[in-house]
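Below is one structure, written out as structure tokens, with a few remarks after it.
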Amino acid sequence: MRKAVFIGLVVLLLALTGYVYWFYYRSYGEGFREGYFQKFARKGNVFKSYEGELVQEGFGNRKKNKSTGFSADYFYFSVVDERVADSLEKCIGKMVKLHYTQYLRSLPWRGDNYNGRNEEPGQYIVDRIELVKEY
């Protein structure tokens, strides 16, 4: 009986560890976004993080807006690295190309969760600036 309980606890612990890794620490995707960098702030009640907003050029997401004209798409993200945050602060008002990593679920010390605001759910963490252009 003790052996069965021990094996059951080990299996449960491994399943919980796998779940936490899969949804919170494993990178779901990564890529680039380019647009006009318009907003950047340090926020948080307990865990302070840098939060930014990028306005992408184009005709926007017609599925959400149900319009045929110009409608900007916004990209909301967080920054964990202080050096990247310092560099980004100098880029407000410019066109930037940012590299990001997307996680399926958010952790409070990595920044805000923008589910419902970005095109795809998840937490987007910007880790480097690829290009800066004057607007």
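LYS94 meets each of the listed conditions (1) buried (at least 19 other Cβ atoms within 10 Å of the Cβ); (2) under 14 Å from GLU53 (Cα atoms); (3) at pLDDT 90 or above apart from (1). The conditions of being among the small types (Gly, Ala, Ser), surrounded by 12 or more Cβ atoms within 10 Å (Cβ to Cβ) and either assigned to a strand (DSSP E or B) or modelled with pLDDT of 95 or more (or both) are met by GLY52. Checked against (1) modelled with pLDDT of 95 or more; (2) in a loop (DSSP other than H, G, I, E, B), TYR135 passes all but a single condition, namely (1). I'd like the residue in the range 27-41 that is of a type in the set (Ser, Thr, Tyr) and surrounded by 11 or more Cβ atoms within 10 Å (Cβ to Cβ) and, out of all such residues, is nearest to LEU54 (Cα to Cα). Filtering first and then ranking leaves TYR36.
Quick one: is PHE75 surrounded by 17 or more Cβ atoms within 10 Å (Cβ to Cβ), closer than 25 Å to PHE23 by Cβ, at pLDDT 90 or above and not polar (S, T, N, Q)? Judged against the criteria, PHE75 is a match.
I'm checking my understanding of the structure. Among residues of the range 108-127 that are within 17 Å of SER27 (Cα to Cα) and either among the β-branched types (Val, Ile, Thr) or loosely packed, with under 15 Cβ neighbours inside 10 Å (or both), which one is nearest to the chain's Cα centre (by Cα)? The qualifying residue nearest to the chain's Cα centre (by Cα) is ILE125. Checking each residue in the range 119-132 for being part of a strand (DSSP E or B) and of a type outside the set (Ser, Thr, Tyr) picks out GLN123, ILE125, VAL126, ASP127, ARG128, ILE129, GLU130, LEU131, VAL132.
The values are calculated or read from the model by the stated rules, or taken from the named source; none is laboratory data. Quick caveat, the model's predicted, so the values are computed rather than measured. Heads up, the Cβs are rebuilt from the backbone with ideal geometry, glycines too, and the neighbour counts pull from every protein chain shown.
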